[in-house]
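Student: What follows is a structure written as C-alpha cells; I'll ask about it next.
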Amino acid sequence: MAGKPKLHYFNGRGRMECIRWLLAAAGVEFEEKFIEQPEDLDKLKNDGSLMFQQVPMVEIDGIKLVQTRAILNYVATKYNLYGKDMKERALIDMYSEGVADLGEMILLLPLCPPDQKDAKIAQIKQSTTNRYLPAFEKVLKSHGQDYLVGNKLSKADIHLVELLYLVEELDPSLLANFPLLKGLKARVSNLPAVKKFLQPGSQRKPPMDEKTLEEAKRIFRIK
Amino acid sequence: MAAKPKLWYFHGRGRMESIRWLLAAAGVEFEEEFLETREQYEKLQKDGRLLFGQVPLVEIDGMELTQTRAILSYLAAKYNLHGKDPKETVRIDMYADGTLDLMLMVALAAFKPPEEKEESLALVVKKAKTRYFPVFEKILKDHGEDFLVGNKFSWADIQLLEAILMVEELDGSVLCDFPLLKEFKTRISNIPTIKKFLQPGSQRKPPPDSHYVEAVRNVLQL
C-alpha cells in the first residue's frame with residue numbers, strides 16, 4: 001500500500017494551504033514535515049529534493065512534486081476532481097486560475113509595506129466584489145446546478161470555497177450580494193470530509209499572525 | 001470542419017506568446033484579433049466574453065477560454081503534447097510552470113520604470129542561469145533523450161525553447177555552460193513547425209518596446 005502523501009512547508013497557510021484543502025476534501029490522509037529553521041530549507045535544497053529550490057513540495061507516489069499548480073492538478077486527477085473530459089477540465093482550470101489570482105493578492109497582503117496596506121486592501125475588496133465574485137455567481141446562475149462544472153464536485157469548487165472563507169475573514173460583508181456563492185459555500189462545507197477539515201484540530205492552518213509572519217520571513221530569508 | 005482558434009490580445013508577446021508558440025508548434029493555424037483601442041476592450045467585456053474581464057482570450061471548440069494556463073493546458077491535451085499518463089503530465093506541468101514563471105517576469109518587466117526594469121531583467125538572467133537552466137541540463141543529461149519527458153516531444157519542450165530564446169535576447173551568452181541545452185535548442189528549433197514559426201513573417205511577436213507598453217496602458221487604462 002502506498003504511503004501517505006507528505007507535505008513539506010512551514011507551519012502556516014502560504015502556498016500549501018490550497019493543497020491541504022484539496023487533499024482533505026478528497027478524503028486523503030496526509031503527513032506534514034514542517035520547515036522550522038532556514039537550515040531545514042537549506043537541507044531540502046542541498047539534497048536535491050526541490051526541483052527549483054522552492055517549496056511547496058509534496059512527496060506522492062514516489063515522486064517529489066513542486067509547483068503548486070502541478071501538484072494540485074496531479075491530486076485532482078488522481079482523486080477524480082478534474083471533470084470528465086478536456087472541456088470540463090478547461091472550465092475547471094479557468095475558474096481555478098481566477099481563484100488563484102485573487103488568492104495571490106490576499107496571500108501577499110502581509111508582505112505589503114504598512115503605508116500601502118490600506119490602499120491594497122481597498123483594491124482587493126474592489127476586485128472581489130466587482131470582478132471575481134460576480135463571475136462565479138454568474139456561472140452558478142447560468143446552469144443552476146450545485147457545483148461549478150458538470151454538476152459534480154471538482155477542484156474548482158474546493159478552491160472557490162476556500163477563497164470564500166478567506167474573503168469572509170477579510171470582510172464578511174463582501175459576500176452579502178452573492179446568494180448562490182453562499183449556497184455553494186454551505187453545501188461544500190457540509191460534505192463530510194470538508195466538515196471534518198473545518199473543525200478545530202484538523203490540519204487546516206489559521207490566518208497568518210505577526211508571529212507566523214516573522215517565522216516565515218526568517219525561514220525564507222525575506223527582508 | 002472546425003473553425004480556426006481565434007486569439008484576442010494586444011499586438012505583442014505578453015501573456016499570449018506561449019499560446020502562439022504552442023499552437024504553431026502543434027501545426028495549428030490560428031487567427032488573431034488585436035486589441036488597439038479602449039472601445040474594443042470594453043465591447044469584449046460588455047459582451048460578457050471575458051470571464052474575469054481580462055485577456056488573453058482564445059475562442060476554440062465553441063468555448064471562450066481565458067486564463068493563460070487554462071488555455072495552455074487545454075491546447076497541450078488537445079494536441080497530444082501533455083504526456084501519456086498522469087506521471088508524465090505532472091512532470092510536464094512542473095517544467096512548464098517553472099519556465100512560464102520566468103517568462104512572465106520578462107513580460108512584466110517591460111511595464112516597470114527604467115531602473116526597476118533593468119534590475120528585473122538582470123534577475124531573470126540570474127534565475128535562468130542558476131535556478132532553471134541547470135535543472136533542465138541535468139534532466140537531459142540523466143536520461144540522455146532528445147526531449148524532456150517520456151522520450152516524446154511535449155509542451156515542456158516548446159516552453160523551454162521559448163524561454164531559452166527569450167533569455168538569450170537579454171544575454172546572448174546564457175547557454176555557455178549548458179552544452180545539452182545548446183543541442184536541445186538546435187534540435188527543437190529544427191522541428192518543421194517550429195522552424196517555420198521562427199522565420200520572419202510568422203505570427204511570432206517581437207520583444208516588448210515602449211510602443212507596445214503604451215498601447216497596452218492605453219487599452220487597459222493603467
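Student: Specify whether the C-alpha gyration tensor of segment B:73-222 places it in the rounded, prolate or oblate class, a ≥ b ≥ c being the square roots of the eigenvalues: rounded for a/c under 1.5, otherwise prolate if a/b is larger than b/c and oblate if not.
Tutor: prolate
Student: Here's another thing I want to ask about it. Normalized C-alpha radius of gyration of segment B:1-78, against 2.2 N^0.38 Å?
Tutor: Here the Cα radius of gyration is 1.04 times the empirical estimate.
Student: Next question, about the same structure. Output wanted: per-residue J couplings in Hz (rounded whole) for segment A:74-90, from phi through Karplus 6.51 cos²θ - 1.76 cosθ + 1.60, θ = phi - 60°, x for Gly and Pro.
Tutor: For segment A:74-90, the Karplus-derived couplings read 5, 4, 4, 5, 4, 10, 6, 10, 10, x, 9, 7, 4, 5, 5, 4, 4 Hz, x marking Gly and Pro.
Student: Moving to a separate point now. Need one number: convex hull volume per residue for segment A:7-124, Cα atoms only, in Å³. If you can, show how the numbers build up before the last one.
Tutor: On the way: hull volume 14.8 nm³, N = 118.
Spread over its residues, the Cα hull of segment A:7-124 gives 126 Å³ apiece.
Student: Now for a separate question. Looking at chain B, which longest stretch skips every one of the trypsin sites (Lys or Arg not before Pro) that is in a DSSP loop with at most 15 other Cβ atoms within 10 Å, leaving the sites themselves out?
Tutor: The longest uninterrupted stretch comes out as B:85-222.
Student: Of A:Phe30, A:Phe178, A:Phe52, which has the largest mean-square fluctuation in a 10 Å C-alpha GNM of chain A?
Tutor: Between A:Phe30, A:Phe178, A:Phe52, it is A:Phe52 that shows the largest mean-square fluctuation.
Student: With springs connecting C-alpha atoms under 10 Å apart, model chain A as a Gaussian network and identify which of A:Asp93, A:Asp157, A:Asp101 has the largest mean-square fluctuation.
Tutor: Of A:Asp93, A:Asp157, A:Asp101, the Gaussian network model singles out A:Asp101 as fluctuating most.
Student: Anything over 26 Å Cα to Cα? Flag those among B:Lys4/B:Lys196; B:Lys112/B:Lys185; A:Lys6/A:Lys205, in the order listed.
Tutor: Values: B:Lys4/B:Lys196 18 Å; B:Lys112/B:Lys185 30 Å; A:Lys6/A:Lys205 16 Å.
Long pairs (Cα-Cα over 26 Å): B:Lys112/B:Lys185.
Student: Here's something else I'd like to know. Among rounded, prolate and oblate, which fits segment B:1-157 when a ≥ b ≥ c are the square roots of the eigenvalues of its C-alpha gyration tensor, a/c under 1.5 means rounded, and a/b larger than b/c means prolate?
Tutor: Cα axes put segment B:1-157 in the oblate bin.
Student: For the protein assembly as shown, what size does the Cα cloud have along each of its three principal axes, sorted from largest down, in whole Å?
Tutor: Largest first, the protein assembly as shown extends 58, 53, 49 Å along its Cα principal axes.
Student: Placing unit charges on C-beta atoms (Lys and Arg positive, Asp and Glu negative, everything else neutral), compute the dipole magnitude of segment A:86-190 about its Cα centre in debye, rounded to 20.
Tutor: 360 debye
Student: For B:Arg131 paired with B:Leu108, estimate the spin-label separation in nm (one decimal), with each label point 7 Å from Cα along the Cα-to-Cβ line.
Tutor: The two pseudo-label positions are separated by 1.1 nm.
Student: Let me check the size of segment B:69-161 from its C-alpha atoms; what are the radius of gyration and Dmax in Å?
Tutor: 14.8, 45
Student: Check the straight Cα-Cα distances from B:Lys195 and name the aspartates and glutamates below 20 Å, setting aside those fewer than 8 residues away within the same chain.
Tutor: Within reach: B:Glu17, B:Glu29, B:Glu31, B:Asp146, B:Asp157, B:Glu162, B:Glu168, B:Glu169, B:Glu183.
Student: Which entries in A:Lys4/B:Lys78; B:Lys6/B:Lys78; A:Lys4/A:Lys33; B:Lys138/B:Lys182; B:Lys78/B:Lys138 show an alpha-carbon gap greater than 22 Å?
Tutor: Cα-Cα > 22 Å for A:Lys4/B:Lys78; B:Lys78/B:Lys138; rest within.
Student: Quick one: go through segment A:108-151 and flag any residue whose amide nitrogen is under 15 Å from the point 7 Å out along the Cα-to-Cβ line of A:Asn177.
Tutor: The answer is A:125-138.
Student: Another one. What is the ratio of the Cα radius of gyration of segment A:86-190 to 2.2 N^0.38 Å, where N is its residue count, to two decimals? Write out the running numbers ahead of the final one.
Tutor: On the way: Rg = 14.0 Å, N = 105, 2.2 N^0.38 = 12.9 Å.
After normalising by residue count via 2.2 N^0.38 Å, the value is 1.08.
Student: Working out 0.36 nm times the residue gap between A:Lys152 and A:Glu104, then minus their Cα-Cα distance, what length gain in nm do you get to one decimal?
Tutor: Fully extending the segment from A:Lys152 to A:Glu104 adds 14.7 nm.
Student: To continue, here is another question. What's log10 of I(q)/I(0) for chain A at q = 0.14, 0.18 Å⁻¹, Debye sum over Cα points only, no solvent?
Tutor: Listed by q, the Debye log ratios stand at -0.93, -1.46.
Student: Can you pull out the GluC sites (Glu not before Pro) in segment B:1-107 that DSSP calls coil and that have at most 11 other Cβ atoms within 10 Å?
Tutor: Passing sites in segment B:1-107 are B:Glu29.
Student: Something else now. Averaged across the residues of A:64-73, what count of C-beta atoms belonging to other chains lies within 10 Å of each residue's C-beta?
Tutor: Per residue, the average neighbour count from other chains is 5.
Student: Also: Please compute the Kirkwood hydrodynamic radius over segment B:154-206, one decimal place, Å, based on all pairs of different Cα atoms.
Tutor: Hydrodynamic radius (Kirkwood, Cα pairs) of segment B:154-206 is 11.7 Å.
Student: For segment A:86-190, please report how many Lys pairs fall under 16 Å Cα to Cα, leaving out neighbours fewer than 8 apart on the same chain.
Tutor: 10
No value in this document is a laboratory result; all are computed from the given coordinates. On a predicted model such as this, the values are computed, not experimentally measured, just so you know. Cβ: placed from backbone, ideal geometry, glycine included. Neighbour counts: every protein chain shown.
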